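Worksheet for the structure shown next.
Values in this text are rule-based calculations from the coordinates and carry no lab data. Keep in mind that this is a model prediction, so the values were computed, not measured. Cβ: placed from backbone, ideal geometry, glycine included. Neighbour counts: every protein chain shown.
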Amino acid sequence: MRTSFVYLDNPPQNVLSLDHCQGLTREVEAGIFDPSTSNIVIWGKGRIFSSGADIREFDQPGVWEEGGHLPVLCELIESSPKPCIAIVEKCVEIFHF
């Protein structure tokens, strides 16, 4: 069995844009459906794990609704039959509005 590594690599702050979430979804799905994978590790490259969703996309339709790219990715990770582990070893930015 092996570990599947999924990297958040969207410098400088690894924002979760539509394209990035779709790519991450494909990578997590690949790990889930690969019988040789026992677990999935999500790791942020650079100085920040992730600063969150891309604020430039907040007003676009489908971003937050059920079936939107970020909720789909979160649901996939939460419902994965294999352990999904996030390695947060650097800075995590949290913003409150």
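What number does the range 2-87 give for Rg over Rh if you use C-alpha atoms and the Kirkwood radius?
0.97
Would you order Cys84, Cys21, Cys74 from fewest to most other beta-carbon atoms within 10 Å of each residue's own beta-carbon? Intermediate values should be presented prior to the final figure.
Numbers: Cys84 18, Cys21 23, Cys74 14.
By the 10 Å Cβ count, ascending, the order reads Cys74, Cys84, Cys21.
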